[in-house]
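Take a look at the structure below.
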Amino acid sequence: MTSIPEKIGNYKITAVIAKGGMGTVYKAIHPSLKRYVVIKKLTIRGNPALIERFKREAQIMMDLQHPNIVHMFDFFKEGSNYYIVIEFIDGLALDKLIKKRGKISEPLAMLVLRDTCRALRHAHQKGVIHRDIKPGNILLSKHGEVKLADFGIASSEKTRENEGGESLTQDGSALGTPSYMPPEQFSDSKTVDSRADIYALGVMLYEMVTGQKPFPGSFSSETLELINKGKYQNPKKLEPKLNWRVRSLIRKMIQPKAKNRIQDVKKIIKICDKYLEKYDLEQVRKLLVIEMIKDKTFKEPPFTKKKGTWPIYTSIAGAIVVAVGAFFLWHFGCIQSTLLRKWYTPITLNLTLPQSAKFQTDLPARALFFENDRKFIPEVKGSGRTFYSIKVKDEKGKKVASNNYKIRPVYLKHGSYRMKIVTGSYVWWQSLEVTSEAKDINLNFLKHERRSINIHTSSFDAVTNKDLSRKSEFLFQNSKGAFVKAKDIPKDEFLNGRIWRIQVSCPGYKTEFLDLRIEWYQDDLYLNIALEKQK
């Protein structure tokens, strides 16, 4: 039996999840949150490239805050080992579910694909290419959540810029899992873009609905030739009843030439939403959980399609106009605010974020409403809202974004409710009693949210990669314009939510300057700086 340490850092270790040549994965308890986390330990010594890749994975995950991406809590070094602390997902990896069930039904596959695409859209907008999309890296929780994991070989524009264009992926080398890699990734993994992830998604969708990979799992010249030519068995031959929209999506994603593929995951999300709109997504997610728990003999019940969907065919054009008009009148609350005002009450939310929030727009904020039946707390269908920034006029009279956000009114029947506001890693719950009186609720629980910055610094020779951390000095510009050490800046001033100018110097090397904005929801800063020798 493998012995496990009692603690790593401040984390109490409870079990070993996996162990391999590169390291060990532990299950542990977070010291303050009192929840389970996963600790990835890198044990390889004397390999700077692998250590640097491990650090880069931490840097990339730190920048990605999204409900469909595994959350990173911590990165630290203890002794000669490096550790990443991430969210523990109590559930099953997608590859294990496919192996267990043989394949999964179309609605489940399209839901998993849609949520994975949402995660990738956020990553791609941040300049991050995952490069290893496969079922093993898609985690499914027992709450029906879909989480993208393992950014170990991901590439990031930010890390390349911070290190003068260097990359740990050498030109002409291939990284990834062959069965899911597009042709261009075999020749050079360094130069691939978001379309490589789209290709891998197509292979994953094929595997989910058929139970087979489009190309053999073993890497050989014959397999590579099939991949380069895009020759694979039509999924309809394996699944004759496969929906035409799913078949078309697979074909458009698994194109050997990147220019012929779907170019943006946003389009895939739109197609998935179109497919899923006729299903009760709560039922689909519940069935996803049941599929993980039940054994192979479990027979999947038929899906219930939503009632009241518009008929596909109609002989009366006027009826279509009336139906569409009624839909929009209901969607925008016109019917509830007039004909049904006696039974429905408008609820509006106003959210104030820190002042610095107006400078960034990549952190979505959503409001969800639930019936407080004190048992199941079901979500009110159609009540989800995304906060939008309220425009204000600047000194020149031009409308610009502010740190005040609002939602489109939600119309609720009289009764007891709970509302959930989610922005980044922050979640706010509040009880709500709805009567006949309209409510305009102000939420400012994050208005003054600012935290101290934790600094992690390292430096190296830009040519030889020699570690210069001990000889280097990292100075921060204080409020008076002077460059001082971080410890010399008062704690009540050394906060996130502003731009910090940083000076990095080392005897015999050119001094580097950086201007970095630390957003209000970020509190860890990792600086890994390449320095050039003075001539």
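Read the figures in this text as sums done on the coordinates, not as results from a lab. The shown structure was predicted, so the numbers you read here are calculated from the model rather than taken from an experiment. A quick note on method: Cβ atoms are made from the backbone with ideal geometry, for glycine too, and the neighbour counts reach across all protein chains shown.
Work out how much length E300 to N234 would gain on full extension: take 0.36 nm times their residue separation and subtract the Cα-Cα distance, in nm to one decimal.
Gain in length upon complete extension: 21.3 nm.
Eight or more residues apart or on different chains, and alpha-carbon atoms under 15 Å: count the Lys pairs in the stretch 341-443 matching that.
14
Compare the peptides 405-413, 340-348 by average per-residue count of other Cβ atoms within 10 angstrom and give them in order, highest first.
So the order, starting with the most tightly packed, is 405-413, 340-348.
Rounded to the nearest 0.05, what FRET efficiency is calculated for Q503 and V400 with R0 set to 41 Å and r the Cβ-Cβ distance? Could the numbers behind the result be given before it?
Values: r = 31 Å, r/R0 = 0.76.
E(calc), rounded to 0.05, equals 0.85.
Under the 0.36 nm per residue contour assumption, what length would be gained going from the current alpha-carbon distance of E473 and E277 to full extension?
So the extension gain works out to 64.9 nm.
Rounded to the nearest 20 debye, what is the charge dipole size of the chain about its Cα centre when +1 sits on each Lys and Arg Cβ and -1 on each Asp and Glu Cβ?
Using only the charged Cβ atoms, the result is roughly 1420 debye.
Based on the alpha-carbon gyration tensor of the stretch 7-87 and its eigenvalue square roots a ≥ b ≥ c, which shape applies: rounded if a/c is under 1.5, prolate if not and a/b is larger than b/c, or oblate?
Here the stretch 7-87 falls in the oblate category.
At 7 Å along the Cα-to-beta-carbon direction for both D264 and V16, put a label point, then send me their distance in nm to one decimal.
If labels sit at D264 and V16, their model points lie 4.8 nm apart.
Label the chain by shape, choosing from rounded, prolate and oblate, from the square roots a ≥ b ≥ c of the eigenvalues of the Cα gyration tensor; if a/c is under 1.5 it is rounded, and otherwise prolate applies when a/b is larger than b/c, oblate when it is not.
It is oblate, given that a/c is not under 1.5 and a/b is not larger than b/c.
Could I have the simple spin-label model distance between D373 and K535, label points 7 Å from Cα toward Cβ, reported in nm to one decimal?
About 7.5 nm separates the two model spin labels.
Hydropathy first: keep DSSP H helices in the chain averaging at least -1.0 on Kyte-Doolittle, then drop any whose Cα extent along the axis falls short of 20 Å, and list what survives.
Taking the DSSP H segments of the chain (at least 20 Å long, mean hydropathy at least -1.0), we get 48-63, 106-125, 194-210, 317-331.
Given a Förster distance of 30 Å, report the FRET efficiency between H143 and R251 from their Cβ-Cβ distance, rounded to the nearest 0.05.
Approximately 0.35, to the nearest 0.05.
Name the lysines eligible as straight-distance cross-link partners of K485: C-alpha to C-alpha under 19 Å, and not fewer than 8 places from it in the same chain.
Leaving aside lysines fewer than 8 places away in the same chain, those within reach of K485 are K471, K510.
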